[in-house]
Amino acid sequence: MEEKKGSKIENQIPALSLSHLTYIYPNKKTALFDISFDVFPGEKIAIVGPNGAGKTTLFLHLNYTFKSKGSIQINGKDISDYKNADRVKEIGIMFADPDNQLFMPTVFDDIAFGPLNLGLSEDEVKKRVKDAMEMTKTTDLKDRVPHHLSFGQKKKVVLASIIALRPKILVLDEPTANLDPKSKRDVLAIIDRLNQDGITTIVATHDVNLLSELADRVIVLNERIIETGTPREIFSDIRLLQNNNLEAPEVFKLFQLLSCIGFNCEELPLNFEEAVNEILSQIKNGEGHIHLHSHSESHEHIHQLKKNYGNGKH
């Protein structure tokens, strides 16, 4: 078993295991090539990559829409051996466009659809719907027509419909895309709570500023697995970012800039909370002051930093 950086639980059967997965579209374009990785119970995984990297194609394999070369195992059992009703209890998937997953006349009906098809009792279905709506703060929407909701509300309803199935693995494709700041924070809080409750979470996202909150381990995908590591390891590899059209978080870049003028820290912050803690720590250690200074190499370092992120003159 390969060592997993950032893994919460080791020496267990993987919650999800992909082995040599390859998918080629009818037009001969390769979408996925020889994809192999394990996800262990309770992990927080992010999959990142440029547009067209194969993230959505990968997720369509996880709900058995696409079938191709290689194997997928869920909790040690081949995905082809699961009946649909059993598979959705193991893995739930939210795709980027919520309109593709909403089709019932009311929000309540949409959230209840999955549990009803599991053959659960009426009381159990109502309980699951109630719990899912409370977690996603969609209770006041229960009688609304899903397609009349805002984009953010639709995302939350789809998430509620998956939560109601109580899967052990939650897969989310761009869960915060096109959401306002409050809706983003709401969705992040839901994902974090589910993970804290033991749900394995796998998120595909372009929002690198949220990545450190969504993942302990990052998989860089660009038709094949390019690299894996912690968020800090991935963002510290400027060549990796450049070669795969990826960005580092704004906070991370800001503190790289500050390091050019004397603000040095052992680990560059990846998010706002880490930045605040670092600044307060340095103020305390500096007896109430932070000292910045320019030296002979500062301008050269700043210019190189700008070039690294595509803002410098070449």
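The values are calculated or read from the model by the stated rules, or taken from the named source; none is laboratory data. Given the structure is predicted, the values throughout are model-derived calculations rather than measurements. Glycine gets a Cβ as well: all are built from the backbone with ideal geometry, and neighbour counts include every protein chain shown.
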Inspect all residues belonging to segment 29-36 and state whether any of them is more than 15 Å from ILE74 (Cβ to Cβ) and small (Gly, Ala, Ser). yes
Index of the failed condition, LYS307 passing every other in (1) out of contact with any strand residue (DSSP E or B) (no Cβ under 7 Å at 6 or more places or on another chain); (2) in contact (Cβ under 8 Å) with a residue 40 or more places away in the chain; (3) surrounded by 12 or more Cβ atoms within 10 Å (Cβ to Cβ); (4) of a type outside the set (Phe, Trp, Tyr): (2)
Residue identified as assigned to a helix (DSSP H, G or I) and either touching a Ser or Thr at 6+ places or on another chain (Cβ under 6 Å) or surrounded by fewer than 21 Cβ atoms within 10 Å (Cβ to Cβ) (or both) among SER183, SER161: SER183
Which listed residue, of SER212, SER298, SER236, is farther than 26 Å from GLY42 by Cα and of a type in the set (Gly, Ala, Ser): SER298
Sort out which residues of segment 268-294 are surrounded by 11 or more Cβ atoms within 10 Å (Cβ to Cβ) and farther than 30 Å from GLU213 by Cα, and write them in order of number. SER294
Mind checking which residues of segment 13-41 are farther than 11 Å from GLY70 by Cα and in contact with a helix residue (DSSP H, G or I) (Cβ under 7 Å, 6 or more places away or on another chain)? ALA31
From SER236, SER296, SER212, residue being among the hydroxyl-bearing types (Ser, Thr, Tyr) and at pLDDT below 90: SER296
Condition met for PRO269 (touching a Pro at 6+ places or on another chain (Cβ under 9 Å), farther than 29 Å from TYR25 by Cβ and touching a residue at least 60 places away in the same chain (Cβ under 8 Å)): no
